[in-house]
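Read through the structure below, which is laid out as structure tokens, and then see the notes.
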Amino acid sequence: MRVLIVEDEPNLGRQLRATLEGAGYAVDLATDGEEGHFLGSTETYDAIILDLGLPEIDGLTVLDRWRKEGRTAPVLVLTARDSWSDKVAGLDAGADDYVAKPFQTEELIARLRALIRRASGNASAELIAGDIRLDTRSGKVTKAGEPVKLTAQEYKLLSYLIHHKGKVVSRTELIEHIYDQDFDRDSNTIEVFVTRIRKKLGSDVITTIRGLGYSLDEPGAPAPVA
Ligand code: CA
């Protein structure tokens with residue numbers, strides 16, 4: 001899952017990025033409204049954390065522009081403490097949730113997880129496919145109850161596929177959602193990660209759909225129709 005942070009306060013931005021990367025997200029950080037708007041308009045994100053008070057273009061204007069451009073990624077706005085008018089304006093401009101500053105990072109991450117889950121149609125924090133379980137809170141993966149250790153990239157790939165269980169996901173879509181902007185995006189590495197995940201979780205966990213991409217399905221479910 002890939003997240004954009006738009007935050008002009010350097011320490012907060014860096015700290016958020018480090019925390020989210022530690023939690024298994026690919027993260028891009030923009031430090032003003034113009035850069036933030038550009039990234040949100042040109043790159044693909046599973047969720048966006050948007051500060052409202054930003055240099056160049058303020059957060060509400062950025063959000064309003066994205067929505068008018070048809071960008072639908074869930075947006076969590078960071079508002080000034082106790083500013084009910086900020087919250088109302090943010091929600092009216094198309095925000096999906098808000099957190100008031102100062103906030104507990106754990107709360108922000110929990111809300112972010114919920115936004116990403118809901119946007120992909122998953123109600124529960126634990127995602128299940130057959131005997132495989134991925135807990136989005138702890139980042140732990142088990143197969144038949146046994147813990148399985150995945151590398152950060154393997155986890156990102158599995159997490160994206162299990163969030164979109166039963167759908168065909170193209171290689172390009174995977175690249176867009178598991179790498180940040182600065183990552184050297186070699187599409188061949190996707191196949192390598194898929195192979196490694198199959199070794200750890202079973203050869204049938206991810207299906208290759210020739211020419212189209214990959215899908216992770218509930219065992220016994222009919223093959224996805226592309
Ligand atoms: Ca700010």
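Only residues that are assigned to a helix (DSSP H, G or I) and either more than 16 Å from the ligand (Cβ to nearest atom) or surrounded by fewer than 22 Cβ atoms within 10 Å (Cβ to Cβ) (or both) were counted across the range 22-74, and they come to 15.
Annotation for the range 63-72: at least one member residue is out of contact with any Ser or Thr (no Cβ under 7 Å at 6 or more places or on another chain), free of Cβ contacts under 8 Å to residues at least 24 places away in the same chain, charged (D, E, K, R) and within 16 Å of Gly33 (Cβ to Cβ).
For (1) buried (at least 20 other Cβ atoms within 10 Å of the Cβ); (2) touching a Leu at 6+ places or on another chain (Cβ under 8 Å), each residue gets a yes or a no:
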{"residue": "Ala123", "(1), (2)": "no, no"}
{"residue": "Leu127", "(1), (2)": "yes, yes"}
{"residue": "Arg137", "(1), (2)": "no, no"}
{"residue": "Lys156", "(1), (2)": "yes, no"}
{"residue": "Ser159", "(1), (2)": "yes, yes"}
{"residue": "Thr172", "(1), (2)": "no, no"}
{"residue": "His177", "(1), (2)": "yes, no"}
{"residue": "Arg185", "(1), (2)": "no, no"}
{"residue": "Ile197", "(1), (2)": "yes, yes"}
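For the range 75-92, taking the residues that are under 21 Å from the mean Cα position of the chain (by Cα) and outside any strand (DSSP E or B), the one that is farthest from the ligand (Cβ to nearest atom) is identified as Leu91. Within the range 19-38, residues that are on the phi > 0 side of the Ramachandran plot sit with their Cβ atoms under 7 Å from residues that are of a type outside the set (A, V, I, L, M, F, W, C) and surrounded by 19 or more Cβ atoms within 10 Å (Cβ to Cβ), at 6+ positions apart or across chains, in these pairs: Gly24/Tyr155; Gly24/Lys156; Gly24/Ser159. Residues in the range 75-89 that are of a type in the set (Gly, Ala, Ser) and in contact with a helix residue (DSSP H, G or I) (Cβ under 7 Å, 6 or more places away or on another chain) were compared, and the one that is least open to solvent (accessible area, probe 1.4 Å) is Ala89.
Among the residues of the range 93-117, the ones that are in a loop (DSSP other than H, G, I, E, B), more than 21 Å from Thr44 (Cα to Cα) and either among the polar types (S, T, N, Q) or touching a helix residue (DSSP H, G or I) at 6+ places or on another chain (Cβ under 8 Å) (or both) come to 1 in all. Residues in the range 139-150 that are open to solvent by 60 Å² or more (accessible area, probe 1.4 Å) and within 17 Å of the chain's Cα centre (by Cα): Lys140 only. One residue stands out in the range 7-21 among those that are within 16 Å of the ligand (Cβ to nearest atom) and closer than 20 Å to Arg111 by Cα: the one that is most open to solvent (accessible area, probe 1.4 Å), namely Arg14.
The values are calculated or read from the model by the stated rules, or taken from the named source; none is laboratory data. Small disclaimer: the values here were computed from a predicted structure and weren't measured. Heads up, the Cβs are rebuilt from the backbone with ideal geometry, glycines too, and the neighbour counts pull from every protein chain shown. Surface areas here come from the heavy atoms of the whole protein model, side chains and all, with no ligands, DNA or RNA. Shrake-Rupley method; radii C 1.70, N 1.55, O 1.52, S 1.80 Å.
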